[in-house]
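The values are calculated or read from the model by the stated rules, or taken from the named source; none is laboratory data. Worth saying up front: this structure is predicted, and the values here are computed from it rather than measured. Because the Cβ atoms are built from the backbone with ideal geometry, glycine has one as well, and the counts that use them run over all protein chains shown.
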Amino acid sequence: MATSRSEASEKPPFRRVLVANRGEIAVRVIRALRELGVESVAVYSEPDRAALHVRQADHAYPIGPAASAESYLRADKIIAVAKASGAEAIHPGYGFLSERADFPRACKEAGIVFIGPSPEAIAAMGDKVEARRLVKKAGVPVVPGSEEALASDTEVEKLARDIGFPVMLKAAGGGGGKGMRLVSQAEDLKSALRAARSEAKSAFGDDRVYVEKAIIRPRHIEVQVFGDAHGNVIHLYERECSIQRRHQKVIEESPSRAIDQKTREEMGRVAVQAARAVQYQGAGTIEFLVDQDRRFYFLEMNTRIQVEHAITEAVTGVDLVKTQIEVAAGRPLRLRQEDVVQRGWAIECRIYAEDPENNFLPAPGRIEVLRVPSGIGIRDDSGVYEGFEVSTFYDPMISKLIAWGSTREEATQRMLRALHEYVVVGPVTNIAFHRWALEQPDFRSGNIDTGFIGRLWKPGVMGDAGADLPVIGAALATLARTVGKNGSGPASDAPTSRWRQVARREALRG
Ligand code: MV4
């Protein structure tokens, strides 16, 4: 990777940093801190006292009971720990306090650096109508729609008629699909409005809505941006996150098959303009919808590091978390735009403790056996270990599995190989679901959009692939060992390799 300055001889950007998060992202940040020679301070809730982020940090402090509202969301407690521990800065990770404008304000008052954007940038982008207005003024294409949040129903009706159906009603107070309603015809507008307003009211305490032209079967493509304290803003190209379920991303990739080089450069340029509109500092993401004619429209900006940042790291070679920490310390970006190049292809599968056959219901529980894939081109970012209890209190993500290859095909084959190696005994997981998804002809040909799972998936569709042979084998072997140890007989050395299990199955079939 081309760097304008070397990092080897530099002194650490901070002496000690608090990580206000848990799970894989806390581990990810602690790793970056150690590489930079910065001490890490973990915080943890009661059930997390033996979590991986606590084990890996240099210091660790308890902050309360399991419920996030009483621990990881308690800005006051976390700032008190930062002060008591001598941390100079706080990294918020994603989720929890990462996009609350009042948190960086409170950090500033306490004399602590917030590793992220200004409270003004967070607030401006958090208000979806304000964000639309700001970026549109900066020359960024937005979906045709209202300039303001609409308080009266008659205004909404008039605007919807002007735009033309289908339209999308959206909550002004927040994103993520809450309070969103697709309206196909004028007759449905009144009841959709009522539903959207009441959902927005309960989710965001704000029942204002706005209207946009609905984009049918869009693709979700987002651009990674980075700003520093010296007015430099660059982008690190795109990620495609079209494979989602109920607004939860499931599989992401970079680059995207949906755009050509000219569109890619244009989206990057425009994303930088959007970030500049709020004098953005730190890592951010500009989300776009791309329609079937490959036109792109600004959707919203995420003012945090994202779960899927690692696929951008894989194709650009840039450590995004390290860069966050450096720019928060006031250092200029090491990279110029022309230094950023995409090489090869990366895919991420989010491995969850959930049951695809049972409406993807979270499946918490103790991880009895864990075999994590590795080898060429594979990265597994995880916050769990064998013996760890996946709790009901938090997101049931077990890990993010990332495969890099020189082409999309190689990355896909590598991911399938890694999924084949992955063994989790204990909680049910979505590993077999990922194998199924990657084997779909529409995935192979790059024909994906936000309706991919809804269109192709239903319970039972995985058939035999859903029966996870290595998992069954490992579970049997574990059971046999346990019986051997605790019972009267000798410890069993029951086979656990895949081919033996398959061979047995074949034999059973006769
Ligand atoms: C849209 C749209 C179609 N047209 N806006 C969903 C979450 C929220 N952040 C924006 N979303 C959408 N906005 C217009 N004008 C379709 C979606 C949408 C979607 C977007 C990205 C990824 C997955 C999605 C799934 C369903 C709907």
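Give the residue, chosen from 159, 169, 193, 182, that is more than 15 Å from the ligand (Cβ to nearest atom), in contact (Cβ under 8 Å) with a residue 12 or more places away in the chain and not in a loop (DSSP other than H, G, I, E, B). Steps first, please.
Numbers: 159 fails: more than 15 Å from the ligand (Cβ to nearest atom); 169 fails: more than 15 Å from the ligand (Cβ to nearest atom); 182 fails: more than 15 Å from the ligand (Cβ to nearest atom).
Checking each option against the conditions leaves just 193.
Restricting to segment 252-304, and then to whatever is in a strand (DSSP E or B) and of a type in the set (S, T, N, Q), can you tell me which residue is nearest to the ligand (Cβ to nearest atom)?
Initial filter on segment 252-304 (in a strand (DSSP E or B)): 252-254, 282-290, 296-302.
Still in the list and also of a type in the set (S, T, N, Q): 254, 285, 302.
Values: 254: 16, 285: 12, 302: 10 Å.
The residue in question is 302.
Got a number for residues in segment 197-210 being under 14 Å from residue 157 (Cβ atoms) and either away from the ligand (no atom under 13 Å from the Cβ) or modelled with pLDDT of 95 or more (or both)?
1
Which ones in segment 132-158 are of a type in the set (A, V, I, L, M) and modelled with pLDDT under 95?
Step one: list which residues in segment 132-158 are of a type in the set (A, V, I, L, M), which gives 134-135, 138, 140, 142-143, 149-151, 156.
149, 150, 151, 156, listed by residue number.
What number goes with the only condition from (1) at positive phi; (2) near the ligand (Cβ under 10 Å from one of its atoms) that residue 248 does not pass?
(1)
Only one of (1) modelled with pLDDT of 95 or more; (2) within 13 Å of the ligand (Cβ to nearest atom); (3) in contact with a helix residue (DSSP H, G or I) (Cβ under 7 Å, 6 or more places away or on another chain); (4) outside any strand (DSSP E or B) is not met by residue 174, so which one is it?
Status for residue 174: all satisfied but (1).
Among the residues of segment 106-121, count how many are in contact with a strand residue (DSSP E or B) (Cβ under 8 Å, 6 or more places away or on another chain) and in a loop (DSSP other than H, G, I, E, B).
Number of matching residues: 4.
Does segment 327-343 include one or more residues that are within 16 Å of the ligand (Cβ to nearest atom) and surrounded by 18 or more Cβ atoms within 10 Å (Cβ to Cβ)?
No.
Which ones in segment 211-235 are within 16 Å of the ligand (Cβ to nearest atom) and closer than 30 Å to residue 332 by Cβ?
Here is the first cut: in segment 211-235, the residues within 16 Å of the ligand (Cβ to nearest atom) are 211-223.
221, 222, 223, listed by residue number.
Any chance you could count how many residues in segment 81-105 are out of contact with any strand residue (DSSP E or B) (no Cβ under 9 Å at 6 or more places or on another chain) and part of a helix (DSSP H, G or I)?
Result for segment 81-105: 2.
Restrict the check to segment 72-90 and report whether at least one residue is closer than 26 Å to residue 230 by Cβ and within 21 Å of the chain's Cα centre (by Cα).
yes
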